[in-house]
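Read-outs throughout are calculated quantities, based only on the coordinates presented, and are distinct from any laboratory measurement. Everything quoted here is computed from the prediction, not taken from an experiment. Note: ideal-geometry Cβ built from the backbone for every residue, glycine included; neighbour counts use all protein chains shown.
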Amino acid sequence: MDRKQPSSLDYETLLHELALKNWRRSLLKGDFPRALQNAGQLARSRDRFWRWQGSLDLAVTHLCQGRSES
């Protein structure tokens, strides 16, 4: 699948792409509250794909958070 160039993305898709990027960065830093916030933003999307991606990101964040507390 070819990705669109950032200049051709609509505003909502751009926000989703930023949330996904911020989620990844937060997860790598171990900033789980921020990662949950970004994943939640995706999970509340009107777009079906982004809701699925957000739900997956929420699950991954919860798993990583549990491992760091053990």
Per-residue HN-Hα couplings for the range 32-49 [Karplus 6.51, -1.76, 1.60; θ = phi - 60°; Hz; x = Gly/Pro] = 5, x, 5, 4, 5, 4, 5, 5, x, 4, 5, 5, 8, 5, 7, 7, 4, 4
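What is the local net charge at residue 22, summed over the other residues whose Cβ is closer than 12 Å to its Cβ (Lys, Arg +1; Asp, Glu -1)? It would help to have the intermediate numbers written out before the result.
On the way: positive: 21, 24, 25, 29, 34; negative: 17, 31, 57.
That works out to +2.
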Note, residue 42: beta-carbon cut-off 15 Å, +1 each Lys/Arg, -1 each Asp/Glu, net +4
